[in-house]
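Notes follow once the structure below has been shown.
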Amino acid sequence: MTIAIMGAMPEEIAPILEKLGEYKATVYAGNKYYEANYKGTDLVIAYSKIGKVFSTLTATTMCEHFGAQKLLFSGVAGAISPKLKVGDLIVATKLAQHDLDITAFGHPFGYVPEGAVYVEADKELTALSKEVAKEMGKNVQEGIIATGDQFVADEKRKNWIGETFHADALEMEGASVAVVCDALDVPFFILRAISDAADMDASFSFDEFLETSAVESAEFIMKMVDKLVG
């Protein structure tokens, strides 16, 4: 079995590479992929760069070129739900593209013909994450994640996304990865650490948060890998 581990930024995969120690780097389609053998299972690790196009390219490459049979994605997200605070972890139950709009043709937001508004994450991997969360003593929430090619900092837009898609969090890659994995029949899992919320502290440093959350997310993802290769 080959398991793909993916992030959007280099900081999100650095702790995983550090844990693995030994790996081979391969440049393919304008990106770098790291291959390692972990407890007899092949891993391929990469960061896609930010946005739906790059994450689509990376996820497709991992599945089609490197033969990934499961894909685990970790990164950061902004909170929509008031239940989510900075530092909380959320697992996607389903994902939608909030910036996909052909409503002029009578379709709902996020929908394309022969597609669907939502793509559901793999239930077995979601169940596995609950076991990991319990073992780690983490309060991991589940919810709907909305994806779009824009950093949303506008309260009105954020509220609209929440109301339209019943979304709990938003980010820039998850739904595109979900579409790829769903089309290629590859089970996938999306974990996000909340990096910003309505109650942001003025002293908050995103760079510091990204570094600490990446370490925490890497530990979570590797414990999931342990269970999968178990």
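The values are calculated or read from the model by the stated rules, or taken from the named source; none is laboratory data. These figures come from a predicted structure and were not determined experimentally. Neighbour counts run over all protein chains shown; Cβ positions are idealised from the backbone, glycine included. With ligands, DNA and RNA removed, areas are computed over all heavy atoms of the protein, side chains included. Shrake-Rupley method; radii C 1.70, N 1.55, O 1.52, S 1.80 Å.
Condition first: at pLDDT below 95 and assigned to a strand (DSSP E or B). Now tell me which residues in segment 172-221 satisfy that. Correct list: Arg192, Ala193, Ile194, Ser195, Asp196. Within segment 104-126, the only residue that satisfies the criterion of being open to solvent by less than 50 Å² (accessible area, probe 1.4 Å), out of contact with any Asp or Glu (no Cβ under 8 Å at 6 or more places or on another chain) and in a helix (DSSP H, G or I) is Leu125. Whether any residue in segment 103-120 is among the hydrophobic types (A, V, I, L, M, F, W, C), in contact with a strand residue (DSSP E or B) (Cβ under 7 Å, 6 or more places away or on another chain) and at pLDDT 95 or above is what I want to check. Checked against the condition, which is being among the hydrophobic types (A, V, I, L, M, F, W, C), in contact with a strand residue (DSSP E or B) (Cβ under 7 Å, 6 or more places away or on another chain) and at pLDDT 95 or above, segment 103-120 yields at least one hit.
Residues in segment 144-169 that are surrounded by 20 or more Cβ atoms within 10 Å (Cβ to Cβ) and either under 23 Å from Pro187 (Cβ atoms) or without any contact (Cβ under 8 Å) to a residue 40 or more places away in the chain (or both): Ile144, Ile145, Ala146, Thr147, Phe165, Ala167, Asp168, Ala169.
Residues in segment 89-103 that are open to solvent by 40 Å² or more (accessible area, probe 1.4 Å) and either farther than 18 Å from Val179 by Cβ or in contact with a His (Cβ under 6 Å, 6 or more places away or on another chain) (or both): Thr103 only. Of the residues Glu173, Glu211, the single one that is within 24 Å of Phe54 (Cα to Cα), surrounded by 23 or more Cβ atoms within 10 Å (Cβ to Cβ) and of a type outside the set (A, V, I, L, M, F, W, C) is Glu173. Scanning segment 1-54 for residues that are among the polar types (S, T, N, Q) and surrounded by 22 or more Cβ atoms within 10 Å (Cβ to Cβ) yields a total of 1. Among all residues of segment 214-221, there is none that is in contact with a Phe, Trp or Tyr (Cβ under 7 Å, 6 or more places away or on another chain), under 23 Å from Thr2 (Cβ atoms) and touching a residue at least 12 places away in the same chain (Cβ under 8 Å).
Only residues that are hydroxyl-bearing (Ser, Thr, Tyr) and either over 23 Å from Ala175 (Cβ atoms) or in a strand (DSSP E or B) (or both) were counted in segment 1-60, giving 9.
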